[in-house]
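Q: Here it is, the structure, as structure tokens.
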Amino acid sequence: MTRHFLARACAAVALASLTSLAHAAWPDKPVRVIVPYPPGGNVDVAARLIAPGLQAALGQPFIVENRPGAGGMIAGEFVARSDPDGYTLFMAANGPLLFSPLIFKRDAYKWNRDFAPISSISYTPLVLEVKPSLPVKNLTELIALARKEPGKLTMASPGAGTTNHLVSELLQHITGARWTTAQYKGNAPANTDLLGGQVDFQFDQISVASPFIKDGKLRALAVTTSQRVPMLPDVPTFAEAGVTGMDASTFTGLLAPKGTSPEILAKLSKALEGILEQPDIIKRFADLGAEARGSSPEAFTHYLAAEDARWTPIIESAHITAN
């Protein structure tokens, strides 16, 4: 009995030592960063901004791989089913991580069941913008018009369950105003129809909307931040415009499959902290209308839980689905 117990104890110690050495050696080959959208979008650009810094900090290439489709669920499910060895990571955003499984009614993964949060990367606020011919000059006038003629105004959404869409639903919930939502397959066609006057207004990421607003092609009414943004200093916040509770951003963040070792998560989080504090990286994100901001795995987990609790009731009460 004693010899058998000692043998098992030695084997356990040896296995623990080997596991510890494996974690210490990570990474010893390239790491894939899976993006749930095509190249060129907000999430893809964020991934490509941090990848060189991760390679410099950790000594292996970080390869950005785009796997778009199904509201980001193709990428999310791929990462969730990957080995938790630190070599396949998910560059996520609000929709693909938190809302797509609910909207598509597929229990393919859940953020707190199948992923290990590593760090936030960036936060991009949104702006409420209207076509110039709409006879409103501020948020109060838009809400009054929507209340006077419920359902007549049209709001362009880049897709069901996107942050853009959910913020619109939140504004209706808070104010009691009602409009018709026109769903598009992405920001580009939604923008095209708003610029062409086929729809009345939309919420859009400041990084995309800013050039059109500055050129006078669209009129900005409010931004979804607690303070005014430097890119649009003359545009009030929703609170300044008379509506509270409208703070919202599109986030990007890095996650690993559930079960990835805390040592690997800590290495990645520490590396990202250093990258996102570099002045050139801060400026490059700022030029896109975004704030570069890292966090610990614990802090990012807390943020995701709060976002989940905030937006899931909105999705359910508005009966938002992908169909």
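The values are calculated or read from the model by the stated rules, or taken from the named source; none is laboratory data. If you're wondering where the values come from, they're calculated on a predicted model, not measured in any experiment. Glycine gets a Cβ as well: all are built from the backbone with ideal geometry, and neighbour counts include every protein chain shown. Heads up: the accessible areas ignore ligands, DNA and RNA and are worked out on the full protein's heavy atoms, side chains in. Shrake-Rupley method; radii C 1.70, N 1.55, O 1.52, S 1.80 Å.
Q: Taking the Cβ of Ile63 as the center, what net charge do the other residues with Cβ under 11 Å away carry, scoring Lys and Arg +1 and Asp and Glu -1? Working shown, then result.
A: Values: positive: Lys29, Arg32, Arg48; negative: Glu65.
So the environment of Ile63 carries a net charge of +2.
Q: Find the accessible area per residue for the chain; the probe is 1.4 Å, ligands and nucleic acids are left out, and the unit is Å². Before the final figure, lay out the partial values.
A: Values: 14860 Å² over 323 residues.
That works out to 46 Å² for each residue.
Q: What is the Cα centroid distance between region 199-257 and region 102-159, reported in whole angstrom?
A: The distance from the Cα centre of region 199-257 to that of region 102-159 comes to 10 Å.
Q: Continuing with this model, one more query. With axes computed from alpha carbons, what is the tilt in degrees of helix 42-58 against the longest principal axis of the chain, rounded to the nearest 10 within 0 to 90?
A: 30
Q: Hey, another quick one. Output the Cα-based Rg and Dmax of region 201-297 in Å, rounding Rg to one decimal and Dmax to a whole number.
A: For region 201-297, the Cα radius of gyration and maximum Cα-Cα distance read 16.8, 51 Å.
Q: Please report the Cα spread of region 128-213 along all three principal axes, rounded to whole Å, starting with the longest.
A: If we take the Cα atoms of region 128-213, the spans are 30, 27, 20 Å.
Q: Show that you can apply the helix-only estimate: for the chain, add -39,500 (n - 2.57) for every DSSP H stretch of four or more residues, divide by all residues, and state [θ] at 222 nm to the nearest 500.
A: Result for the chain, helices only: -13500 deg cm²/dmol.
Q: Give the peptides 288-300, 140-152, 208-220 in descending order of average Cβ contacts within 10 Å, highest first. Intermediate results must be reported in sequence, preceding the final value.
A: Working: 288-300: 19.5, 140-152: 14.8, 208-220: 16.9.
For the peptides 288-300, 140-152, 208-220, the packing ranking is 288-300, 208-220, 140-152.
Q: Next up: Rg to Rh for the chain: what is it, with Cα atoms only and Rh by Kirkwood?
A: Result for the chain is an Rg/Rh of 1.05.
Q: Regarding region 45-89, what's the average projected area of the Cα-atom convex hull, expressed in nm²?
A: Mean shadow area of the hull around the Cα atoms is 3.5 nm².
Q: Provide the net charge surrounding Met231, with neighbours chosen by a C-beta distance below 15 Å and charges set as Lys +1, Arg +1, Asp -1, Glu -1.
A: With Lys, Arg at +1 and Asp, Glu at -1, the neighbours total -2.
Q: Do the alpha carbons of any pairs in Lys148/Lys185; Lys131/Lys185; Lys110/Lys131; Lys105/Lys148; Lys131/Lys152 sit beyond 26 Å of each other, and which pairs? Present the calculation step by step, with values, prior to reporting the outcome.
A: Working: Lys148/Lys185 30 Å; Lys131/Lys185 20 Å; Lys110/Lys131 38 Å; Lys105/Lys148 35 Å; Lys131/Lys152 15 Å.
Correct reply: Lys148/Lys185; Lys110/Lys131; Lys105/Lys148.
Q: Work out the length of the dipole vector of the chain about its Cα centre, built from +1 on the beta-carbon of each Lys and Arg and -1 on the beta-carbon of each Asp and Glu, and round it to the nearest 20 debye.
A: Roughly 420 debye for the chain.
Q: State the antiparallel share, in %, of DSSP beta bridges confined to region 117-270, rounding to the nearest 5.
A: Counting DSSP beta bridges with both partners in region 117-270, the antiparallel share is about 70 percent.
Q: Can you send over the carbon and sulfur percentage of the accessible area for the chain, probe radius 1.4 Å, protein chains only?
A: 57
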